[in-house]
Ligand SMILES: Nc1ncnc2c1ncn2[C@@H]1O[C@H](COP(=O)(O)OP(=O)(O)O)[C@@H](O)[C@H]1O
Ligand SMILES: Nc1ncnc2c1ncn2[C@@H]1O[C@H](COP(=O)(O)OP(=O)(O)O)[C@@H](O)[C@H]1O
Ligand SMILES: [Mg+2]
Ligand SMILES: [Mg+2]
Ligand SMILES: [Mg+2]
Ligand SMILES: [Mg+2]
């Protein structure tokens, strides 16, 4: 394992310190316990809090700021944050109109946020994001995982909250957006957790993991690498399958927000190539791309691979996606 | 080699098509020969053209747009573009007030741009960027390489050109900015050129290449990996050494723009950790960080590693760095 | 966590041996979570036990019920992941039911069962789902039976060791339906659940301590 | 590029053999540029020669001077990198000095030397800097001498083969001062220059063609 690191133990702290010094005008990093808030807190708006294991940067700390998150609680690498982090953060922000927790659907995250939710006095509500089409929802799973669609939810709910909407309105809108998102990822290589020091999984030189999770969890199948167009075609198919199963209606005029997200070690040029494949496939189906985002937004440390997310656009989602945002890693209109 | 790719031969074309579909409002990709222009061309401002081998994305195609580049000519991966690309692009844009070529100082880029410059009728001038502190300038080298400092030059000159400055003014300002930049890179792993299919260099599991170039060219030395703080300290030292040798005066009130740039496969969290080291080192020297940028901006395909660039800020550079910019990969104020 | 009825052993005396025991199994636990999870279970657990170890002195002066509560809170704020709130829920619930004045095997057994039930509630899960519960639930049942039969504590400890090993082993053939390995489906078969393994290691160590302390 | 004075061979007849020859040396050329450059020299070269091959038919109908010009333009727009403008400059300059009407060895030799000088000017470089010039300049000198001594073309070809191999070899011990390997300094010593190697391969192939065509 080769990384820019001093000791595995202080990695998170030092990385957060760097985030702080790079964005002093935007955010404030707090330590012991770790949480990150906006530099200028507005306790009168619904506070949007997210968090989860670290290693997915810029998710979530890189999305703090006007039009998106108020608080992020980073856990250790790939490990959910603990309730005391959420409690301390909420205590610091003193929300007057409630707290909305945006939580990726992983047992750890769910349980830790749940315990925080039970332990605070502030009115709160939760959105569990579960856009990963890879793991099929059935009586044998506890539901799908939350992946790159989460940032779409954070963006559009963040925008709505900025406009002064209530906790219930924000929660409803977030659930609605989450429902219209579907994602699937493919890994070419494993990631390596600094504290573990070795790759999370072994993968042959000519194999890919189709449907991989953002922690390097196994997906649907291990298969031989093929031309990008063929891989992407399977990815888009899996997403449409998911939409069909969940009765999300796609019609001739459907317009999508397409996110091509790198897992960390995949060059931007390859992400654009993937985006090109997606464009061609959607064009063939006579579906439209209304908005797009290509880059590393929900990563898995140094994993090579990428995910595709489609979010069906309606007027509200389009409007709140387009609204101005000013965070370390998403910025427009300001 | 595992990559999202169809065939090595059509990689560039398909990746550029993806760039086009992702940013239709910003830019126009032209093929045969390849060049990328702004969507809305303003032939009355000085046209800022850059280019070079592909594989460093977002440099340069991701920096086309208001406040930065007008044209980028992408070559094959790590191979300078050919003069016919520059000639066709300039012909397409019909500049009324000259063309400024921002060229990274590599023999290939220099010679190809030089031939284009000789073959066009339009008034033109060139800035060779050479911010890489790794290769020491002496009678035995043909000068230092241009690396991540190039994007600073492109940003500030782009801003000046937007304000209606003349070709000479733009060239002067670009040379000035280039002179105040110094960079150094470190590689943890090699990159792999798709067409070659194997890593450009071999490196042991516990070694780093100090002073690596953005094509995986060897740097100053191969050495054992150490704590990030120690590596970064050597990097900053090399930069200050370079400033001293070039008589760039650093004083107690000096303020820097610091760019921590990932080479492609290094997670954002590690880049922030590097930024934290730089912050601590500069603080100890009682030097100030006025502006910063952390992310993947001048990459070397899928190389793990990072570079640090310091640019000494003066009022003009600060102003033109801060001015609004709207490109695929740098955007603020708009 | 098994204690002698007459002269209750302070829970805190098990902390260092527990840390040693899990450290011995570092590779095994870590590679199980790498195989069917995200690879961090050992690190999470170690962070938790180390955090508890750092407050051993404070714990020493507390009655066992209060120790369990402090241990729960410490686990809650130090472990994270899925196992953190689960382990924490166990100890927090245990502490509510443990009676320092009347530390009988019956009472211990009831507190233990309540703790395990808290895990079920928090995890919305039960036996057969390839989790730590596949060790904890059978062990709870075994000691309940033993407390009814008034079994000798040494004898019981030996039975618990056998049972927990057998139960951890049994998770190999199970299909996961809770936690991160659910995505694996069939591919998880053949791998023991990391949480089941770590619970087994801790339980065995405590039993061995009880046996050797006599 | 060496031609018989009496009955000039069309340059285009060397294209396919050249492509074959460099392909045979793919691994060697590629790994040299990986060792002291950026690994693309073979790819660049192959792209160029393939582009020329695709216009063989057009070339066939042109006199050699015009062929050289078309080859130069094609190389300019297809190779890129450092070697593209250098190779292109050679052919463009060569074409200006080559006299189709009077295709003597003297004229060929002058055109060749002018081409090599164009590379020097474009690359701001000269012999001894570990580049293609370390093969091209000595070869130019050798044929100049041969043209003065009225050497037989077959004999000359054999001498050129020996010379170019020796010269490519000689770049191993040189310190690079031009091109991407300059950063390497001492570490480049021991590696042949990729551009020198590819020039040697092409020159040898052309000479062998001349010898075998008799
Ligand atoms: N819902 C659940 N109910 C009971 N146990 C669970 C549940 N989810 C996970 N576990 C246990 O937690 C273990 C994983 O813990 P750990 O690796 O520390 O957390 P994470 O899964 O968040 O990475 C699993 O092996 C399993 O025994
Ligand atoms: N200034 C120069 N003068 C002469 N030859 C040069 C010069 N720079 C580079 N070369 C030659 O070009 C070769 C490299 O070509 P190539 O790999 O195709 O281009 P690049 O160096 O741009 O990747 C070198 O091996 C060397 O022989
Ligand atoms: Mg985890
Ligand atoms: Mg090159
Ligand atoms: Mg785990
Ligand atoms: Mg090269």
Flag if residue D:17 is away from ligand 5 (no atom under 16 Å from the Cβ) and either at the interface with chain B (Cβ under 9 Å from one of its Cβ atoms) or not in a helix (DSSP H, G or I) (or both): no
Test: residue in the stretch A:308-324 that is part of a strand (DSSP E or B), more than 10 Å from chain B (Cβ to nearest Cβ) and farther than 22 Å from residue A:56 by Cβ: yes
Matching entry among D:195, D:190 (being farther than 17 Å from residue D:113 by Cβ, modelled with pLDDT of 90 or more and part of a loop (DSSP other than H, G, I, E, B)): D:190
Of residues in the stretch D:26-60 being buried (at least 19 other Cβ atoms within 10 Å of the Cβ) and more than 16 Å from ligand 4 (Cβ to nearest atom), the one farthest from residue B:218 (Cα to Cα): D:59
Residue that is closer than 30 Å to residue B:52 by Cα and near ligand 2 (Cβ under 10 Å from one of its atoms), where the choices are D:51, D:82, D:68, D:118: D:82
Set B:90, B:120, B:152: member being in contact with a strand residue (DSSP E or B) (Cβ under 9 Å, 6 or more places away or on another chain), touching a residue at least 24 places away in the same chain (Cβ under 8 Å), within 17 Å of residue B:66 (Cα to Cα) and not assigned by TED's automatic domain parsing to the domain that holds residue B:328: B:152
Of the criteria (1) without any contact (Cβ under 8 Å) to a residue 24 or more places away in the chain; (2) within 22 Å of residue A:53 (Cα to Cα); (3) part of a strand (DSSP E or B), which one residue A:201 fails: (3)
Failed condition for residue B:248, given (1) free of Cβ contacts under 8 Å to residues at least 60 places away in the same chain; (2) surrounded by fewer than 22 Cβ atoms within 10 Å (Cβ to Cβ); (3) not in a strand (DSSP E or B): (1)
Some residue of the stretch A:218-228 being closer than 29 Å to residue C:31 by Cβ, modelled with pLDDT of 95 or more, facing another protein chain (nearest Cβ under 8 Å) and touching a strand residue (DSSP E or B) at 6+ places or on another chain (Cβ under 7 Å): yes
Where residue B:69 falls short, out of the listed (1) over 13 Å from the mean Cα position of the chain (by Cα); (2) more than 10 Å from chain A (Cβ to nearest Cβ); (3) under 24 Å from residue B:147 (Cβ atoms): (1)
Any helices (runs of 4 or more DSSP H) falling wholly within the stretch C:29-122 and containing at least 2 residues that are away from ligand 6 (no atom under 16 Å from the Cβ), free of Cβ contacts under 8 Å to residues at least 60 places away in the same chain and closer than 30 Å to residue A:106 by Cα: C:41-53, C:64-78, C:83-97
Pair list, Cβ < 6 Å and 6+ apart or interchain, from the stretch C:170-182 residues that are surrounded by 24 or more Cβ atoms within 10 Å (Cβ to Cβ) to residues that are at pLDDT below 75: C:176/C:182; C:182/A:141
Restricting the stretch C:61-90 to residues that are surrounded by fewer than 24 Cβ atoms within 10 Å (Cβ to Cβ) and at the interface with chain A (Cβ under 8 Å from one of its Cβ atoms), the residue that is nearest to residue C:45 (Cα to Cα): C:78
Residues that are more than 20 Å from residue C:82 (Cα to Cα) and assigned to a helix (DSSP H, G or I), drawn from the stretch C:123-152: C:138, C:139, C:140, C:141, C:142, C:143, C:144, C:145, C:146, C:147, C:148
Condition check for residue A:81: in contact (Cβ under 8 Å) with a residue 24 or more places away in the chain and within 15 Å of ligand 3 (Cβ to nearest atom): yes
Candidates A:83, A:33, A:74 - the one that is under 21 Å from the mean Cα position of the chain (by Cα) and within 9 Å of another protein chain (Cβ to nearest Cβ): A:83
Considering residues of the stretch B:280-293 that are part of a helix (DSSP H, G or I) and surrounded by fewer than 19 Cβ atoms within 10 Å (Cβ to Cβ) only, the residue farthest from the other protein chains (Cβ to nearest Cβ): B:284
Criterion: touching a helix residue (DSSP H, G or I) at 6+ places or on another chain (Cβ under 9 Å), within 23 Å of residue D:148 (Cα to Cα), within 14 Å of chain B (Cβ to nearest Cβ) and more than 16 Å from ligand 5 (Cβ to nearest atom) - qualifying residue of D:93, D:106: D:93
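Residues are listed down the side, and each one gets a yes or a no for (1) more than 16 Å from ligand 1 (Cβ to nearest atom); (2) out of contact with any strand residue (DSSP E or B) (no Cβ under 9 Å at 6 or more places or on another chain); (3) within 19 Å of residue B:177 (Cβ to Cβ):
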residue	(1), (2), (3)
B:44	yes, yes, no
B:53	yes, no, no
B:82	yes, no, no
B:101	yes, no, yes
Qualifying residues in the stretch A:37-59 (those that are in contact with a helix residue (DSSP H, G or I) (Cβ under 8 Å, 6 or more places away or on another chain) and within 12 Å of chain B (Cβ to nearest Cβ)) - the one surrounded by the most Cβ atoms within 10 Å (Cβ to Cβ): A:55
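The values are calculated or read from the model by the stated rules, or taken from the named source; none is laboratory data. Everything numeric in this text was worked out from a predicted model, so none of it was measured. Virtual Cβ from ideal backbone geometry, glycine too; neighbours counted across all protein chains shown.
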